[in-house]
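In what follows, a structure is listed as structure tokens, so that the remarks can point back to it.
Each value in this text was obtained by applying a stated rule to the coordinates, not by laboratory testing. Model, not experiment: these values are computed from the prediction. Cβ: placed from backbone, ideal geometry, glycine included. Neighbour counts: every protein chain shown.
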Amino acid sequence: MDWSLTILNLVLVIGFYEGFHGYLYFRSKGVKKEGKIEIRVLNINEENAIALNSLFFRNVVVFLSDKINERILRHEEGHINQFNYIYLFMIAVAALLPINTLLAIPAILIGRIMLWKMERDADLYAYSKYNVKFESDAERPKSKIDRIKAWLFDSHPPDWVRTKEEYYEKKNSLIKLFIQDLFS
Ligand SMILES: [Zn+2]
């Protein structure tokens, strides 16, 4: 096994991830502190926020507009309190990829499912602790293909699923919600 490739991959993944977090941290301005969470703003007029949860940048929520939205903050607080297992997973995949590049295929699938789970856990955190649900008036697309695309390519489960009553009942697994959404 060629260790130099493993090390190169690790440097790339950790460098990119920490670099992106560092960029968001240093380009944004501190606004306030709430408990252990530092709230910062990098105003690009987008009503969204990113939780920084890397090795060097933690306990920070960067808002992408100067409106500090309570609902978004509670969701991001969920991410702050999560163990960042997608990062650990990316590091493991980067280290193992030189053994067999075909590992990328199951890795993408597992990574996709992990992301769904992390996002949903953050939504459940906001709901169980603050009674905050995701709000959106996004319509559910009639086309099955469009729905599959949203499930696959959005970072979160689709908006029309995140607003559903069943989504906030822990017993309904995401896989179940996914299948229901596709076939109903
Ligand atoms: Zn999220």
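Quick one: in the stretch 133-164, which of the residues that are small (G, A, S) and under 20 Å from I175 (Cβ atoms) is farthest from the ligand (Cβ to nearest atom)? The selected residue is A150. Screening R120, R112 for residues that are surrounded by 15 or more Cβ atoms within 10 Å (Cβ to Cβ) and either within 19 Å of the chain's Cα centre (by Cα) or over 30 Å from I39 (Cβ atoms) (or both) leaves exactly one candidate, R120. With respect to the conditions (1) of a type outside the set (S, T, Y); (2) within 16 Å of the ligand (Cβ to nearest atom); (3) over 14 Å from the mean Cα position of the chain (by Cα); (4) over 21 Å from N172 (Cβ atoms), N43 falls short on a single one, namely (2). Applying the condition of being touching a residue at least 60 places away in the same chain (Cβ under 8 Å) and either more than 12 Å from A122 (Cβ to Cβ) or of a type in the set (F, W, Y) (or both) to the stretch 58-92 and asking which residue is farthest from the ligand (Cβ to nearest atom) yields I91.
For the stretch 1-18, which residues satisfy the criterion of being in a helix (DSSP H, G or I) and hydrophobic (A, V, I, L, M, F, W, C)?
Once the filter is applied, which keeps residues that are in a helix (DSSP H, G or I) and hydrophobic (A, V, I, L, M, F, W, C), the stretch 1-18 yields W3, L5, I7, L8, L10, V11, L12, V13, I14, F16.
Just one residue in the set S65, S136, S143 is touching a strand residue (DSSP E or B) at 6+ places or on another chain (Cβ under 9 Å) and of a type in the set (S, T, Y); that residue is S65.
Among the residues of this structure, L55 counts as one that is closer than 30 Å to L5 by Cβ and either away from the ligand (no atom under 14 Å from the Cβ) or under 18 Å from the mean Cα position of the chain (by Cα) (or both).
Give the stretch 128-178 a look and list any residue that's among the small types (G, A, S) and surrounded by 15 or more Cβ atoms within 10 Å (Cβ to Cβ), or say none. Result: A150, single match. For A104, the criteria (1) in contact with a Leu (Cβ under 7 Å, 6 or more places away or on another chain); (2) assigned to a helix (DSSP H, G or I); (3) buried (at least 16 other Cβ atoms within 10 Å of the Cβ) hold in every case but one, which is (3). Taken over the stretch 25-69, the criterion of being more than 26 Å from F89 (Cβ to Cβ), touching an Asp or Glu at 6+ places or on another chain (Cβ under 6 Å) and either of a type in the set (A, V, I, L, M, F, W, C) or buried (at least 18 other Cβ atoms within 10 Å of the Cβ) (or both) is satisfied by V41 alone.
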